[in-house]
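Before any comments, here is the structure.
The values are calculated or read from the model by the stated rules, or taken from the named source; none is laboratory data. Quick caveat, the model's predicted, so the values are computed rather than measured. Glycine also receives a Cβ, built like all others from the backbone with ideal geometry; neighbour counts cover every protein chain displayed. Calculation scope for accessible area: heavy atoms of the full protein, side chains included, ligands and nucleic acids excluded. Shrake-Rupley method; radii C 1.70, N 1.55, O 1.52, S 1.80 Å.
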Amino acid sequence: LPILGPINLMGIGFDKAISLIEQKVSQELIGTSVSVSISEVRSINIFVLGEAHQPGVYTLSGLSTITSALFVSGGVNEFGSLRNIEVKRKGKVIALYDFYEFLLNGQIEKEIKLENDDVIFIPFIEKKVTLGGDFKRPHIYEFKESETINDAIYFAGGFKSEISPDRLEHTTLNPETKQRIISYLPNNVDS
């Protein structure tokens, strides 16, 4: 800064940098205010690997998050997990990202800010549930071990009509005989 000289901002966030500059100016140049803005954002390289629709290296803005990287790469392919996406930095998994939080709930609080050479690894989907019939969004959904049928109904947006059925058909496939096993569950189940 003219008159004050250099201020080291290495390794701190933009909000903290603004605060540091404002504090320095107010202490050194009484009665003076300062305005800080970014004129140019650096680019970073991100690797999107695994079951991505278009795996590869992407050059993104230095302000990019995991969601923006997934959108740029075309997202997850039909075999990939939306709920167990790994973000790796310097060879270590730093976070697991559940894209359902964003897609179904609109939550951005768990967004992960990416850094240069981060790897986004999309593993294979492990468990899934198919919801068909009178649901608002009948589809195949990824299912975690701790989740219940009520969670699956929530993923599908609930029922189309105001009146929900008294019972739900639950169909599984016997892995040995390859035969369908049909059972009925009350609609208010919690397991």
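Points worth noting:
- Residue match in the stretch 42-52 (condition: open to solvent by less than 60 Å² (accessible area, probe 1.4 Å) and either of a type in the set (Gly, Ala, Ser) or at pLDDT below 90 (or both)): yes
- Candidates Lys92, Lys110, Lys127, filtered to the one that is in contact with a helix residue (DSSP H, G or I) (Cβ under 9 Å, 6 or more places away or on another chain), under 24 Å from Gly75 (Cα atoms) and open to solvent by 80 Å² or more (accessible area, probe 1.4 Å): Lys110
- Some residue of the stretch 132-140 being open to solvent by less than 60 Å² (accessible area, probe 1.4 Å), over 24 Å from Val57 (Cα atoms), under 18 Å from the mean Cα position of the chain (by Cα) and free of Cβ contacts under 8 Å to residues at least 12 places away in the same chain: no
- Thr59 passes every criterion in (1) closer than 17 Å to Asp117 by Cβ; (2) modelled with pLDDT under 85; (3) hydroxyl-bearing (Ser, Thr, Tyr) apart from (2).
- Within the stretch 137-156, considering residues that are part of a loop (DSSP other than H, G, I, E, B) and touching a strand residue (DSSP E or B) at 6+ places or on another chain (Cβ under 7 Å), the one farthest from Val87 (Cα to Cα): Pro138
- Matching option when the condition is closer than 30 Å to Phe124 by Cβ and charged (D, E, K, R), among Glu28, Glu22, Glu40, Glu51: Glu51
- Of all the residues in the stretch 1-27, those that are open to solvent by less than 90 Å² (accessible area, probe 1.4 Å) and assigned to a loop (DSSP other than H, G, I, E, B) number 8.
- Arg180, sole failed condition from (1) over 13 Å from Gly133 (Cβ atoms); (2) within 33 Å of the chain's Cα centre (by Cα): (2)
Residues checked against (1) open to solvent by 90 Å² or more (accessible area, probe 1.4 Å); (2) part of a strand (DSSP E or B); (3) farther than 22 Å from Ala156 by Cβ:
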{"site": "Leu60", "(1), (2), (3)": "no, yes, yes"}
{"site": "Leu63", "(1), (2), (3)": "yes, no, yes"}
{"site": "Ala69", "(1), (2), (3)": "no, no, yes"}
{"site": "Gly74", "(1), (2), (3)": "no, no, yes"}
{"site": "Leu82", "(1), (2), (3)": "no, no, no"}
{"site": "Val87", "(1), (2), (3)": "no, yes, yes"}
{"site": "Leu96", "(1), (2), (3)": "yes, yes, yes"}
{"site": "Glu101", "(1), (2), (3)": "no, no, no"}
{"site": "Phe121", "(1), (2), (3)": "no, yes, yes"}
